[in-house]
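Report on the following structure.
Bear in mind these aren't lab numbers, they're just calculated from the coordinates by the rules spelled out. Small disclaimer: the values here were computed from a predicted structure and weren't measured. Quick reminder, even Gly has a Cβ in these numbers, built from the backbone with ideal geometry, and neighbours come from all protein chains shown.
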Amino acid sequence: MADKDAAQYDYIIIGAGSAGAALAHRLTEDPANRVLLLEAGKANHPSTRLPVSFSWLIDHPIANWCFTSDPEPGTADRAIPVPRGKLLGGSSAINGLVYVRGQSLDYDTWAQLGNRDWSWRSVEPIFRRMENYQGGGDGGRGRGGPLGVSEVPDQNPLYDALFAAAEAAGHRRNPDYNGPDQEGIVKTQATIRRGRRMSTAHCYLRPARGRGNLHIVTEALTQHLILDGRRCLGVAYAQGGQVTEARAGREVILSAGAIGSPKILELSGIGRPEVLAAHGIDVQHELPAVGENFRDHINARIQWQVTAPGVSYNERAQGANLVGQVAKYLISGGGFLSLPSAPLLAFLKTRPELATPDVQMHLVPYAVKDPKRRKLHDFPGMTVACYQLRPESLGSIHIQSAEPKEQPAIRFNFLADRIDRAAMVEGFKMMRRIVEAPPMDPFRGEEYSPGKAVDTDQAIEQWIRENSETAYHPIGTCRMGPGPNTVVDDQLKVHGLDGLRIADASIFPTMPSGNTNAPAIMVGEKCADLIKASAH
Ligand SMILES: Cc1cc2nc3c(=O)[nH]c(=O)nc-3n(C[C@H](O)[C@H](O)[C@H](O)COP(=O)(O)OP(=O)(O)OC[C@H]3O[C@@H](n4cnc5c(N)ncnc54)[C@H](O)[C@@H]3O)c2cc1C
């Protein structure tokens with residue numbers, strides 16, 4: 001804090017995504033805090049407010065880093081697309097809008113790993129304060145927070161049949177999977193209100209933009225941190241061909257996401273000596289866990305034809321019917337254009353002896369031609385996708401160049417662990433059992449992808465390797481914890497350095513059981529609490 005008066009800002013936040021935007025909002029509630037928020041992407045893209053925009057922003061460089069993974073055995077030597085939001089709101093502005101807090105067990109595990117005050121009891125009030133939830137359930141949900149969340153209002157006889165089929169296959173309905181018990185088949189809760197996407201740019205930054213103490217700079221690519229010995233003084237960022245240095249009197253907070261944060265650390269000389277040496281970067285601070293402990297969800301999907309007329313959005317939202325959907329959206333904010341990536345979810349156990357669900361399914365009332373382009377098929381179809389909630393396999397993300405514009409090498413190491421392979425194969429079979437249950441008889445056509453010929457465990461596993469994508473949930477590359485295999489402590493401070501914290505999905509010690517936007521926002525909120533507490 002020595003040069004507080006000389007610095008232009010008290011805090012510099014790198015990355016205006018799910019966590020960074022929430023953090024910027026909370027820190028600037030105190031007019032005494034001068035905050036610089038740096039974002040590599042643009043201020044906005046006009047289509048983001050439309051929920052269905054995820055289907056084109058998923059591979060559009062206007063708002064997306066459009067990374068690619070390394071070819072690996074887990075993906076049958078395929079390099080697969082790794083989208084990440086690149087604009088205010090970060091990935092919350094392009095994601096599939098599914099809202100999942102996770103299981104209480106997830107956060108109790110984080111506490112059990114040595115992270116004080118990260119148990120479910122500690123973080124549940126933060127989830128409550130951040131939500132403005134409109135929907136069912138029996139209490140325990142936030143109603144007054146900045147983040148709009150609502151249950152999908154869309155009705156469809158296909159959904160009724162899927163609920164009944166899941167029940168016939170031995171699963172139960174759950175009125176609120178974000179309550180104390182996650183298990184069951186459910187209507188999705190989404191970051192959507194009145195048909196509009198609720199990104200953190202909209203919910204957290206828009207209300208804060210008028211504050212004189214918040215300075216947002218977009219299209220500003222952070223190159224590296226500025227260190228003086230063990231202290232982080234500020235950052236160097238490039239904007240329009242010019243490199244600018246900014247100084248923080250108190251702290252710099254990295255919120256560049258699970259791919260961006262380890263990259264910036266390594267470009268700053270913080271990380272594994274052999275990684276830095278390979279790219280001619282001097283070691284400023286040895287920290288071997290940087291870029292390690294990377295996890296993501298590998299997502300396997302099955303597609304069926306649908307025989308009942310008028311229920312699949314391949315029919316409801318193509319040709320002349322699309323005009324009807326546009327009209328419906330403009331009049332009521334409902335219909336196809338207002339859907340999240342899946343209107344129904346299921347959180348299930350692949351083995352009865354498990355205490356809590358270990359797989360999640362997304363049930364989708366349409367089928368796509370090419371998963372990369374998200375083009376709808378010409379015939380009525382439906383899709384069910386499944387991932388294992390808490391994968392064991394660990395990958396890595398490391399720079400492959402000293403040039404800040406280059407993407408790091410993304411190595412998932414999917415399916416390396418036997419537990420992961422078993423859960424994915426069983427989850428795959430469970431998807432089939434649900435859709436093949438009698439209540440789906442009037443709706444179910446042919447399973448055309450992969451098709452019934454893929455029926456042994458070995459064939460299913462191979463098909464998953466050859467065809468699956470990520471579910472877009474990278475985490476863990478700046479893992480939080482007390483030991484040598486971690487990057488930040490439970491105050492989110494980088495081990496061994498002063499004036500530097502990390503707040504984003506990179507700090508998750510283990511994978512939360514579900515989609516990762518809500519936990520990332522919670523980390524941004526929690527970081528603000530920690531900073532406020534330590535500043536007094
Ligand atoms: C296509 C897609 C679909 C998804 N669907 C869902 C879903 O339905 N539900 C769900 O819960 N989760 C979903 N997720 C995941 C979820 O959105 C992310 O886990 C979450 O947004 C991560 O938050 P974060 O703050 O860690 O990172 P981000 O929100 O990605 O924010 C990082 C920010 O840092 C910026 N940045 C990076 N490097 C630099 C740099 N060098 N200089 C300046 N700025 C930089 C980025 O541009 C970005 O704005 C999805 C993600 C994607 C990409």
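Pair-distance distribution P(r) for region 80-120, from all Cα-Cα distances in 10 Å bins starting at 0: 26, 25, 36, 13 percent.
Listing V275, V323, V98 from fewest to most neighbouring C-beta atoms within 10 Å gives V323, V275, V98.
Pair-distance distribution P(r) for region 461-536, from all Cα-Cα distances in 5 Å bins starting at 0: 3, 15, 22, 20, 15, 10, 6, 4, 3, 1, 0, 0 percent.
Divide, for region 214-325, the radius of gyration over alpha carbons by 2.2 N^0.38 Å, where N is the residue count. Can you show the working numbers first?
Details: Rg = 23.2 Å, N = 112, 2.2 N^0.38 = 13.2 Å.
Relative to the rule-of-thumb radius for its length, region 214-325 sits at 1.76.
The label point for L354 and the one for A168, both projected 7 Å from the Cα toward the Cβ, are 2.4 nm apart. Axis angle, to the nearest 10 degrees, between helix 257-267 and the longest C-alpha principal axis of the chain: 30 degrees. Put one equal scatterer on each alpha carbon of region 219-279, apply the Debye formula with no solvent term, and list log10 I(q)/I(0) at q = 0.13, 0.21, 0.26 1/Å to two decimals. Reported log10 I(q)/I(0), two decimals: -0.35, -0.89, -1.20.
Proximity of backbone amide H atoms, modeled 1.01 Å from N, is registered between G445 and Q305, V306, T307 at under 5 Å, excluding neighbours fewer than 5 places apart on the same chain.
For region 99-144, the normalised intensity computed at q = 0.19, 0.26, 0.31, 0.32 Å⁻¹ comes to -0.61, -0.93, -1.11, -1.15 (log10 of I(q)/I(0), Debye sum over alpha carbons, equal scatterers, no solvent). Per residue, the average separation of C-alpha pairs within less than 8 Å and at least 6 apart gives region 429-536 a relative contact order of 17 percent.
Summarising the label geometry, the points placed 7 Å from Cα in the beta-carbon direction at D70 and K532 lie 4.2 nm from one another.
Helix 418-435 axis versus longest C-alpha principal axis of the chain: approximately 40°, rounded to the nearest ten.
Taking a ≥ b ≥ c as the square roots of the eigenvalues of the Cα gyration tensor, an a/c ratio below 1.5 marks region 51-185 as rounded.
Put simply, region 281-349 fits an ellipsoid with semi-axes of 44, 19, 12 Å; these come from the alpha carbon gyration tensor as the roots of five times its eigenvalues, largest first.
One quarter of the surface of the convex hull around the alpha-carbon atoms of region 326-369 equals 4.6 nm², the direction-averaged projected area. What percent of all Cα-Cα pairs in region 1-72 falls into each 5 Å bin, going from 0 up to the bin containing the maximum distance? Bins of 5 Å from zero give 3, 12, 17, 18, 16, 12, 9, 7, 5, 2, 0 percent of pairs.
Order of 338-348, 419-429 by packing, highest average Cβ count within 10 Å first?
Result, highest mean first: 338-348, 419-429.
Computed from the Kirkwood radius of its Cα pairs, the Stokes-Einstein diffusion coefficient for region 378-535 at 10 °C and 1.306 mPa s stands at 84 µm²/s. Grab the beta carbon distance between T307 and Q155, set R0 = 25 Å, and tell me the FRET efficiency rounded to 0.05. That pair, T307 with Q155, gives E of 0.80.
Here, the chain yields an orientationally averaged convex hull projection of 23.2 nm² when only Cα atoms define the hull.
Less than 5 angstrom separates the built amide H of L233 from those of I226, L227, D228, all sequence-distant by 5 or more or on a different chain. So what does the Cα-only Debye profile of region 126-253 read at q = 0.10, 0.11 Å⁻¹, as log10 I(q)/I(0), no solvent term? Results for region 126-253 at q = 0.10, 0.11 Å⁻¹ read -0.58, -0.65. Shown here: region 167-213, whose C-alpha atoms stretch 57, 23, 11 Å along the first, second and third principal axes, sorted largest to smallest. Report the far tail of the P(r) of region 381-471, meaning the percent of Cα-Cα pairs longer than 19 Å. The proportion of pairs with Cα distances above 19 Å equals 51 percent. For region 227-296 versus region 168-208, the spacing of their alpha-carbon centroids is 34 Å. Over region 484-529, Cα pairs under 8 Å with separation of 6+ residues give a relative contact order of 30 percent. Across region 134-188, the volume of the C-alpha convex hull divided among the residues equals 75 Å³ per residue. Along region 403-411 the Karplus relation, 6.51 cos²θ - 1.76 cosθ + 1.60 evaluated at θ = phi - 60°, assigns HN-Hα couplings of 8, x, 6, 7, 6, x, 6, 10, 10 Hz to successive residues, with x for each Gly and Pro. Computed from the mean reciprocal separation of all distinct C-alpha pairs, what Kirkwood hydrodynamic radius does region 334-435 have, in Å? With all distinct Cα pairs of region 334-435 included, I get 16.3 Å.
Phi angles across region 227-239 convert, under the Karplus curve 6.51 cos²θ - 1.76 cosθ + 1.60 with θ = phi - 60°, into 3J(HN,Hα) values of 10, 10, x, 8, 10, 8, 9, x, 9, 10, 10, 9, 9 Hz, Gly and Pro given as x. Mean silhouette area of region 1-125, derived from the convex hull of its C-alpha atoms and averaged over all directions, reads 11.8 nm².
Helix 120-130 and the longest principal axis of the Cα set of the chain meet at an angle near 90°. Taking amide H as placed 1.01 Å from N in the peptide plane, the amide H of S401 sits under 5 Å from none that are at least 5 places away or on another chain.
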